[in-house]
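Note sheet for the following structure.
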Amino acid sequence: DRRMAPVRPGKLALPSGDVRCGLIATFSSVLAHALEQEQVVHDDRVRAVHEFRKSVRRGRAILSLCRGVLPKQEFKALWRDLRHAALPTSELRDSDVFAAVLSAVSVPEELEPTAEKARTALSANPADIDLVARTLEQGVGLVQTAPQRFAEHLAPELGWPDIEAGLRRSYQRARKRRDKVAKTRKPVHFHDWRKRTKELNYQIELLTHG
């Protein structure tokens with residue numbers, strides 16, 4: 001019986017040790033959580049945007065892990081759709097984080113007038129809830145077919161050696177980005193290293209039970 005019990009988003013479910021079935025169920029569960037955020041955005045728009053972005057990133061981490069066992073064109077199409085689903089939410093999230101940081105930290109006295117102006121502007125002009133809802137609706141449109149496409153195209157004879165190869169690729173990418181940072185110290189390279197490290201962390205979490 002391959003029917004799946006509910007899966008905690010981000011944790012790999014393994015019915016009878018079936019890696020392929022577990023990846024499909026977990027990918028579906030992670031993106032289902034992203035889709036749910038469209039329904040709760042009016043209750044807490046900040047949390048909805050954050051959860052949507054986090055779930056889509058986890059979906060992309062699973063995709064990256066399976067890069068070698070998906071047809072090249074379908075991998076690219078799925079990767080593009082998930083990327084474009086999350087991209088428009090970046091400014092929304094940046095604004096929310098900036099507002100939270102400004103409220104939580106103390107600034108030097110000479111900068112306080114500027115910080116207070118920023119706090120006032122952010123509190124007076126939060127992201128329009130309709131804009132946030134439309135942004136998530138557009139993202140949902142790109143995400144909702146991804147689980148079915150993933151299931152249809154994932155290699156039928158997938159096993160733990162394929163997962164090991166995927167983790168190895170992610171680790172190597174993260175190390176290359178780290179080496180780049182060590183040479184350049186540029187913010188753009190720190191950001192890229194952070195993204196690759198996050199992806200690897202999500203993949204390790206995926207395989208960690210408990």
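The values are calculated or read from the model by the stated rules, or taken from the named source; none is laboratory data. Everything numeric in this text was worked out from a predicted model, so none of it was measured. We place every Cβ from the backbone using ideal geometry, glycine too, and count neighbours over all the protein chains shown. Calculation scope for accessible area: heavy atoms of the full protein, side chains included, ligands and nucleic acids excluded. Shrake-Rupley method; radii C 1.70, N 1.55, O 1.52, S 1.80 Å.
Things worth noting here:
- When 77, 5, 25 are screened for being at pLDDT 95 or above, open to solvent by 10 Å² or more (accessible area, probe 1.4 Å) and among the small types (Gly, Ala, Ser), only 77 passes.
- Lone unmet requirement of (1) closer than 18 Å to residue 26 by Cβ; (2) hydrophobic (A, V, I, L, M, F, W, C); (3) over 9 Å from the mean Cα position of the chain (by Cα) for residue 82: (3)
- Against the test of being outside any helix (DSSP H, G or I) and either at pLDDT 75 or above or over 16 Å from the mean Cα position of the chain (by Cα) (or both), the options 101, 107, 97 yield a single qualifying residue, 107.
- Looking only at residues of region 29-44 that are within 17 Å of the chain's Cα centre (by Cα) and more than 17 Å from residue 141 (Cβ to Cβ), we find that the one that is least open to solvent (accessible area, probe 1.4 Å) is 30.
- For residue 67, the stated conditions hold: it is out of contact with any strand residue (DSSP E or B) (no Cβ under 8 Å at 6 or more places or on another chain), within 19 Å of residue 204 (Cα to Cα), open to solvent by 10 Å² or more (accessible area, probe 1.4 Å) and not β-branched (Val, Ile, Thr).
- Scan of region 116-135 for residues that are open to solvent by 80 Å² or more (accessible area, probe 1.4 Å), assigned to a helix (DSSP H, G or I) and at pLDDT below 75, ordered by number: 116, 117, 123
- Residue 152 meets the conditions (1) open to solvent by less than 80 Å² (accessible area, probe 1.4 Å); (2) at pLDDT 95 or above; (3) closer than 22 Å to residue 77 by Cβ in every case but one. The failed one is (1).
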